[in-house]
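Engineer: Input: one structure, supplied below.
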Amino acid sequence: MNSRVAIAVLRARLYAQRRIVFYACVAAFVAGFVQPDGLAAPLFLCSLLGITTALAQSPGLHPYLDSCEASAPLFGRQLARAKALVPCVAATLAVGVYAVAEALRGAPSVPITFAISLGAVGAATLTALSATIRRGAPRVFYVAIAAGIALAAYALASEAHSPIAALSLCAITAFLALRQYGEALGRYDPI
Amino acid sequence: MLLPMPLLRMRDATFSAGETRAGPVTLDVEIGERAALHVASAREAAIVAAMASAVVKASSGCVLIADFDPRVQSVACKRIAALVPHEPFTLTENEFARYIEYRAELWKLDPAGARAHAAVLRRRLAGIHEAFAIPLIGALIGMPKLLVLDRPQPVYAREILAAAGRCAVLSTHDDAAAARAFAPKALHFLRAVES
């Protein structure tokens, strides 16, 4: 990936969406400070925030950024990776802030909760990105898959007591979701 | 002997997706030429402009931008052709600087050079309302060979064509009078050729 393009897209979009990122981090901090211990709250809350920030990359919300990116001399996969960085950074910030709040509260097993939450949130966020360039039922379908991935990661880590399996599932789905988003963005006609 | 290719060649170029349909369009735009295309609707004008600048791929027919096919060489096409969308937008001074910097990064230009170029263009386009000038400045800092304008304001035709300099210009319109403002008598006035 061309880092110059990726950093430019990241800066421009994070600046345009600074309020949503800030509110996501505040929500994560408050929840992390008051919630009981466990994986459910950080994983589901931060996945929801990740899906929300992914959907905030939908065309039409920042028209001049969209028109710049659509007419820029970039391959679909380059643009996909750069755009994927934006919700991933926002979601990672939320997970990090949640972990800090948990640590301040003196909650146990913060590192493992942080690692599993981060994996699940990343996979859910990247899957939800494919919904941004679709409408109607396909859009709902991708959001549902993203939620399903968070649920599956939780089940594997919390119910099946296999954090390795949860992280493996997240890594595989995140890789496939990013590839799928790049392919879809390459074929996407902004009409 | 090989004949030189036009900068933009469209042959029965058609876009269709569901209910949305545009074309077929057949036209050539040579280097440095000014051309205006009058189509039936605003929607069609937007789609044809997007096809001519490789932002949208033709569903059938052929589009070649300086011999590059947007379906497989879209990056090369987008370096040559720049699209100026119809929708105007206003930015604050700070946002304008960010906008120019952003475009410079996406087009891999020298940021300082892009800022200086933008300042020159801004002075040159002082007579145009800023909301219409900003997208044009953004498109021109990439130094395209072909400027594609989606329904530009005919009242600013002279300033826009002057700012384009030696760059070829294709504008799409849903109004014949507006099209004539961009392609005066001495230049070509193209019409969609239906197959």
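Engineer: How far is the Cα center of region B:44-103 from the Cα center of region A:75-92, in Å?
Structural biologist: Spelled out, the Cα-based centre of one part sits 21 Å from the other.
Engineer: So what's the angle, to the nearest 10 degrees on a 0 to 90 scale, between helix A:18-34 and the longest Cα principal axis of chain A?
Structural biologist: So the inclination is approximately 10 degrees.
Engineer: A further question follows. Whole-Å semi-axes of region A:98-191's equivalent ellipsoid, largest first, each the root of 5 times a Cα gyration tensor eigenvalue?
Structural biologist: Square roots of five times the eigenvalues give 30, 14, 11 Å.
Engineer: Here's a follow-up. Please list, in chain and number order, the residues 5+ apart from B:Ala35 or on another chain whose amide H is under 5 Å from its amide H, with Hs placed from the backbone.
Structural biologist: B:Val169, B:Leu170, B:Ser171
Engineer: Further question: Between the helical axis of A:3-16 and the dominant principal axis of chain A, each derived from Cα atoms, what acute angle in degrees is found, rounded to the nearest 10?
Structural biologist: Its long axis makes an angle of about 80 degrees.
Engineer: What does DSSP give for chain B in terms of the percent of beta bridges that are antiparallel, rounded to the nearest 5?
Structural biologist: Percent antiparallel among DSSP bridges in chain B is about 45.
Engineer: Rounded, prolate or oblate: pick one for region B:38-93, where a ≥ b ≥ c are the square roots of the eigenvalues of its C-alpha gyration tensor, a/c under 1.5 means rounded, and failing that, prolate if a/b is larger than b/c, else oblate.
Structural biologist: Judged from the Cα gyration tensor, region B:38-93 comes out oblate (a/c at least 1.5, b/c at or above a/b).
Engineer: For the protein assembly as shown, what is the calculated [θ] at 222 nm in deg cm²/dmol (nearest 500), taking -39500 (n - 2.57) for each run of four or more DSSP H residues and dividing by its residue count?
Structural biologist: About -18500 deg cm²/dmol.
Engineer: Testing the spin-label approximation: label points 7 Å from Cα along Cα→Cβ at B:Val120 and A:Tyr23. State their distance in nm.
Structural biologist: Here the modelled spin labels are 4.4 nm apart.
Engineer: Additional query: So what's region B:3-156 giving for Rg/Rh, alpha carbon basis, Kirkwood Rh from the mean inverse pair distance?
Structural biologist: Taking Rh as the inverse mean 1/r over Cα pairs, Rg/Rh reads 0.98.
Engineer: Kindly state, to the nearest 0.05, the FRET efficiency for A:Arg105 paired with B:Thr90, given R0 = 51 Å and r defined as their beta-carbon distance.
Structural biologist: Calculated transfer efficiency: 0.65.
Engineer: Computed FRET efficiency, Cβ-Cβ of A:Arg4 and B:Ala97, R0 22 Å: what is it to the nearest 0.05?
Structural biologist: In this case the efficiency is close to 0.80.
Engineer: Under a Cβ-only charge scheme (Lys and Arg +1, Asp and Glu -1), can you give me the dipole magnitude of region A:1-133 about the Cα centre, in debye to the nearest 20?
Structural biologist: About 360 debye.
Engineer: Further, regarding this structure: Do any trypsin sites (Lys or Arg not before Pro) in region A:109-172 lie in a DSSP loop with no more than 14 other beta carbon atoms within 10 Å, and if so, which?
Structural biologist: A:Arg135
Engineer: If you don't mind, there's one more thing I want to ask. What does the average come to when, for each residue of peptide B:106-115, you count the partner chain Cβ atoms lying within 10 Å of its Cβ?
Structural biologist: 3
Engineer: Run through region B:20-112 and list the trypsin sites (Lys or Arg not before Pro) located in a DSSP loop whose Cβ has at most 14 other Cβ atoms within 10 Å.
Structural biologist: Here the trypsin sites (Lys or Arg not before Pro) that fit, given the DSSP loop and packing criteria, are B:Arg71.
Engineer: A follow-up question, please. Counting only other chains, what is the mean number of Cβ atoms within 10 angstrom of the Cβ of each residue in peptide A:61-70?
Structural biologist: 5
Engineer: Label-point separation (nm) for B:Val75 and B:Thr20, each offset 7 Å from Cα along Cα-to-Cβ?
Structural biologist: Each label point is offset 7 Å from its Cα along the Cβ direction, giving 2.5 nm.
Engineer: Given points 7 Å out from each Cα along the Cα-Cβ axis, report the A:Ala165 to B:Met143 separation in nanometres with one decimal.
Structural biologist: 5.9 nm
Engineer: Now for a different question. Projected area of the protein assembly as shown, taken from the Cα convex hull and averaged over every viewing direction, in nm²?
Structural biologist: 21.4 nm²
Engineer: To continue, here is another question. What is the order of B:Tyr156, A:Tyr98, fewest Cβ neighbours within 10 Å to most?
Structural biologist: Placing the least packed residue first, the sequence is B:Tyr156, A:Tyr98.
We did not get these values from a lab; they are worked out from the coordinates using the rules stated. Only a predicted model underlies this, so the values are computations on that prediction, with no experimental measurement involved. Ideal geometry is used to build each Cβ from the backbone, glycine not excepted, and the neighbour counts take in all protein chains shown.
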